[in-house]
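K.L.:
Dropping the structure in here first, questions after.
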C-alpha cells in the first residue's frame, strides 16, 4: 500500500512508446509509482495521431491529446488544456514535466484555479534549441518563472539543473534533486556482449541514441564517419525533425551504406543495439541529466560525450576513463579519433561497485515528495508519508 491517497496526474509532452529522455523518465516514474500502489494517470500528447487516445499501458492509464498542426516541437494542445481544466479536481496532485513546453503553463494555471498542488520537473536547459526558440526563451522566462512559482515542489534531475534554475530564477524556489535512474538488470544482456568476439577498435560500431533534434548533434557522428576506416558504422536510434536531414547528409558524404537509421525501436531492440555497438556517442549541447550517456555506460559501452556539466556529472557514476569528454564543436576528424580511442578501451561485462542511481530510488524519492506536499496540504493519508514505501 502507498501513503498517497488519491490519483496523481503525470503530465508530459510525450510518453511511451515514444523514445526520448523525458519520455523515459516519465514512464519509469509512472511504473515505479504504480508498483508501489500509487494511482497514476498519464496525460500527454500524440502529435502523430497514430497512438490510442486512451489505453492502459503496463498498468498505467494513459490519455493522449492531439497537438495543433501535428506539432512535435512545442506540443501545443488546447484539447489537453481544456480537459485538464475540466477534470483537475479529480486529482490529488499534478506533476508536470518539461519547462520548455506550454504544458507547464497549462498545469500551473489549472492547479492554481482548481486548488490542486503542483510538482514540476523542469528538465531545464536554460535556453532554446533553435534560433526561433532561443528568441522566444527570453520573453517566455517571466511566464515560465511565474509557473515555477506556483509549484509546491520542484524536482531537478541533477545538481547541474538545480544550479541553473537557481541562477536564472533565484534561490527561493522549493527545489530538490531527484536523479534519473537506470535499470541495471534490464541492460545485462547488452553487458554480456562484452564476452563475444568484436571487430577491431579501429573500425568501431558507433551508436547514438536520442531524439533527433538539432541540438543533440547526431549529425556530428555521421560527419566523423568519413574519418573512420571503411568498416566503421554509425547507428542513430531515434525519431525527430532532423531524420531526413541525416539521411541526406549520409548520401552527400558518401557514407549512406554505413549509416543506419532504424527510427523508433522497441526497448528490446534498443538493448540489442547497445549489445552490438563498440562505442556510444552523445554530442548534445544541452542536457539536464545525460540519460543516454548513463544507459550506454551501464550497457557496458565506453562513451564519447560533449563536455557539458550534465555529462561531467553523469561520468562520475562510472570509473575514470569510461567517458571521454570532447568539445561539442570538435572537428569531425578529432571526433573520429576520440571514438577510436574510446572503443579501444573496450566493453565491460561487470559494473559491480558503480555508484549508480536506480529508477527504484527515483520512484521512492518521488513518492516521498508527493507525500510531503500532500501532508502540507492536509491530504496525506498515512503517518508513513515521510518514509520509504513498501
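K.L.:
Mind listing just one residue for me: the one in the stretch 298-308 that is surrounded by 22 or more Cβ atoms within 10 Å (Cβ to Cβ) and in contact with a strand residue (DSSP E or B) (Cβ under 6 Å, 6 or more places away or on another chain) and, of those, farthest from residue 260 (Cα to Cα)?
P.N.:
It comes out as 298.
K.L.:
Run residue 154 past the list (1) closer than 23 Å to residue 75 by Cβ; (2) without any contact (Cβ under 8 Å) to a residue 60 or more places away in the chain; (3) out of contact with any helix residue (DSSP H, G or I) (no Cβ under 7 Å at 6 or more places or on another chain) and report the number of the one that doesn't hold.
P.N.:
It is condition (3) that residue 154 fails.
K.L.:
While we're on this one: Can you tell me which residue among 269, 245, 223, 233 is loosely packed, with under 14 Cβ neighbours inside 10 Å and either modelled with pLDDT of 95 or more or under 27 Å from residue 346 (Cβ atoms) (or both)?
P.N.:
269
K.L.:
Scan the stretch 87-109 for residues that are within 14 Å of residue 41 (Cβ to Cβ) and more than 21 Å from the chain's Cα centre (by Cα) and jot them down.
P.N.:
87, 88, 89, 90, 91, 92, 93
K.L.:
If the requirement is being modelled with pLDDT of 95 or more and either within 20 Å of the chain's Cα centre (by Cα) or not assigned by TED's automatic domain parsing to the domain that holds residue 84 (or both), which of these qualifies: 68, 42, 38?
P.N.:
After applying the criteria, what remains is 42.
K.L.:
Right, another one. Anything in the stretch 331-347 that is surrounded by fewer than 19 Cβ atoms within 10 Å (Cβ to Cβ), in contact (Cβ under 8 Å) with a residue 40 or more places away in the chain and either assigned to a loop (DSSP other than H, G, I, E, B) or in contact with a helix residue (DSSP H, G or I) (Cβ under 6 Å, 6 or more places away or on another chain) (or both)? List them, or say none.
P.N.:
332, 333, 346
K.L.:
Another one. Right, residue 104: closer than 19 Å to residue 8 by Cβ and either modelled with pLDDT of 95 or more or not assigned by TED's automatic domain parsing to the domain that holds residue 45 (or both) or not? Talk me through it step by step, then tell me what you get.
P.N.:
Numbers: closer than 19 Å to residue 8 by Cβ: yes; either modelled with pLDDT of 95 or more or not assigned by TED's automatic domain parsing to the domain that holds residue 45 (or both): yes.
Yes: the conditions hold for residue 104.
K.L.:
For the stretch 309-330, which residues satisfy the criterion of being buried (at least 20 other Cβ atoms within 10 Å of the Cβ) and part of a loop (DSSP other than H, G, I, E, B)?
P.N.:
317, 318, 322, listed by residue number.
K.L.:
Right, something else. Those residues that are assigned to a strand (DSSP E or B) and either free of Cβ contacts under 8 Å to residues at least 40 places away in the same chain or touching a helix residue (DSSP H, G or I) at 6+ places or on another chain (Cβ under 7 Å) (or both), I need them from the stretch 298-308; list them, please.
P.N.:
Taking the stretch 298-308 as the starting set, the residues that turn out to be assigned to a strand (DSSP E or B) are 303-306.
303, 304, 305, listed by residue number.
K.L.:
Being buried (at least 18 other Cβ atoms within 10 Å of the Cβ) and either under 23 Å from the mean Cα position of the chain (by Cα) or within 17 Å of residue 206 (Cβ to Cβ) (or both) is the filter here, so list the residues in the stretch 348-357 that pass it.
P.N.:
351, 357
K.L.:
Hey, any hits in the stretch 244-263 for a residue that's in the same structural domain as residue 220 (by TED's automatic domain parsing) and under 22 Å from residue 186 (Cβ atoms)?
P.N.:
Yes: one or more hits.
K.L.:
A further question follows. Looking at the structure I just gave you, is residue 256 without any contact (Cβ under 8 Å) to a residue 60 or more places away in the chain, out of contact with any strand residue (DSSP E or B) (no Cβ under 7 Å at 6 or more places or on another chain) and surrounded by 14 or more Cβ atoms within 10 Å (Cβ to Cβ)?
P.N.:
The answer is yes for residue 256.
K.L.:
Further question on the same structure: Just give me the residues in the stretch 275-293 being surrounded by 24 or more Cβ atoms within 10 Å (Cβ to Cβ) and either within 21 Å of residue 260 (Cα to Cα) or touching a strand residue (DSSP E or B) at 6+ places or on another chain (Cβ under 6 Å) (or both), in sequence order.
P.N.:
Listed by number, the residues that qualify are 277, 278, 279, 280, 281, 282, 283, 284, 292, 293.
K.L.:
Sort out for me the helices (runs of 4 or more DSSP H) sitting completely within the stretch 152-249 that have 1 or more residues that are in contact with a strand residue (DSSP E or B) (Cβ under 9 Å, 6 or more places away or on another chain). Let's see the steps before the verdict.
P.N.:
Values: elements: 159-169, 188-192, 219-224.
Helices (runs of 4 or more DSSP H) meeting the threshold: 159-169, 219-224.
The values are calculated or read from the model by the stated rules, or taken from the named source; none is laboratory data. Source: prediction; values computed, not measured. No Cβ is skipped: glycine too gets one built from the backbone with ideal geometry, and neighbour counts run over all protein chains shown.
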